[in-house]
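All remarks here apply to the structure that follows.
Throughout, read-outs are computed from the coordinates displayed, never taken from laboratory work. The shown structure was predicted, so the numbers you read here are calculated from the model rather than taken from an experiment. All Cβ positions, even for glycine, are placed from backbone atoms using ideal geometry, and neighbour counts span all protein chains on display.
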Amino acid sequence: MKTRDSQSSDVIIIGGGATGAGIARDCALRGLRVILVERHDIATGATGRNHGLLHSGARYAVTDAESARECISENQILKRIARHCVEPTNGLFITLPEDDLSFQATFIRACEEAGISAEAIDPQQARIIEPAVNPALIGAVKVRMAPLIHFV
């Protein structure tokens with residue numbers, strides 16, 4: 001029977017950001033021996049500088065439905081495999097006086113077609129959810145599944 005050298009690995013991953021660390025974790029959970037190589041500290045590159053929002057996909061629903069569906073799919077995967085890193089929140093897409101209020105219906109329909117939960121709310125409801133919202137708003141759409149992701 002052959003034995004493996006304790007210094008060998010099945011996979012070498014270069015980059016210790018969210019993607020590299022996630023791939024390393026997935027490989028390790030599958031029984032592979034993994035080496036993760038990072039030039040600096042873990043999550044100090046792009047991962048450590050982002051705002052921590054795992055996009056719901058709503059921002060793409062009207063113009064890029066495929067990307068919107070992909071965002072939802074990735075949200076579901078991350079909630080399943082790394083629930084401890086995900087904090088569910090709601091997002092608001094507000095409508096200001098210079099915007100076309102009728103676009104809300106188009107936006108909500110596109111979200112629903114992409115599998116994104118979205119509902120129109122009135123300005124008062126939006127102010128309750130987010131007191132610092134622009135006071136000039138004339139409408140808002142509340143989108144569920146806009147979780148924050150915690151990397152450390």
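Leu96 to Asn50: FRET efficiency via 1/(1 + (r/R0)^6), r the Cβ-Cβ distance, R0 30 Å, to the nearest 0.05?
Details: r = 26 Å, r/R0 = 0.88.
The value I calculate is 0.70.
In whole angstrom, how long is each semi-axis of the equivalent ellipsoid of the range 15-100, when you take the square root of 5 times every eigenvalue of its Cα gyration tensor and sort them from largest down?
On the way: eigenvalues 196, 50, 27 Å².
Output for the range 15-100: semi-axes of 31, 16, 12 Å.
Roughly what % of Cα-Cα distances in the range 36-76 sit above 17 Å, to the whole percent? It would help to have the intermediate numbers written out before the result.
Values: 399 of 820 pairs.
Here the tail beyond 17 Å accounts for 49 percent of pairs.
Using Cα pairs under 8 angstrom and six or more residues apart, how large is the relative contact order of the range 1-50, in percent?
Values: 56 pairs, mean separation 20.6, N = 50.
Relative contact order, the range 1-50: 41 percent.
Quick one: the Cα spread of the range 80-140 along its three principal axes, in angstroms, biggest first?
Answer, in whole Å and largest first: 42, 29, 15 Å.
In Å and on Cα atoms, what radius of gyration and Dmax does the range 1-50 show?
That works out to 12.7, 48 Å for Rg and Dmax.
Which of the peptides 26-33, 121-128 is most tightly packed, and how do the rest follow, going by the mean number of other Cβ atoms within 10 Å of each residue? Don't jump to the answer; show the numbers that get you there.
Working: 26-33: 12.1, 121-128: 14.4.
Final packing ranking: 121-128, 26-33.
At 222 nm, what helix-only mean residue ellipticity would the chain give, in deg cm²/dmol to the nearest 500, using -39500 (n - 2.57) for each DSSP H run of four or more? Kindly include the intermediate steps, with their values, before the conclusion.
Details: 5 runs with 52 residues, N = 152.
Mean residue ellipticity at 222 nm (helix-derived): -10000 deg cm²/dmol.
Go ahead and set up a Gaussian network model of the chain, Cα springs under 10 Å, then flag whichever of Leu137, Leu78, Leu92 fluctuates most.
Greatest mean-square fluctuation among the candidates belongs to Leu137.
Which percentage, to the nearest 5, of the DSSP beta bridges contained in the chain is antiparallel?
Values: 13 of 17 bridges.
Close to 75 percent.
Ratio of alpha-carbon Rg to the 2.2 N^0.38 Å globular estimate for the range 3-152, to two decimals, please.
Details: Rg = 19.8 Å, N = 150, 2.2 N^0.38 = 14.8 Å.
Normalised by 2.2 N^0.38 Å, the Cα Rg of the range 3-152 equals 1.34.
How high is the relative contact order of the chain, in percent, counting Cα pairs under 8 Å that sit 6 or more residues apart? Can you show the working numbers first?
Details: 224 pairs, mean separation 37.7, N = 152.
After rounding, I find 25 percent.
Assign unit charges at the C-beta atoms only (+1 for Lys and Arg, -1 for Asp and Glu), then state the dipole size of the chain relative to its Cα centre in Debye, rounded to the nearest 20. Display every interim value, and only then the final one.
Working: 16 positive and 18 negative charges, 170 e Å.
Around 820 debye, computed over the chain.
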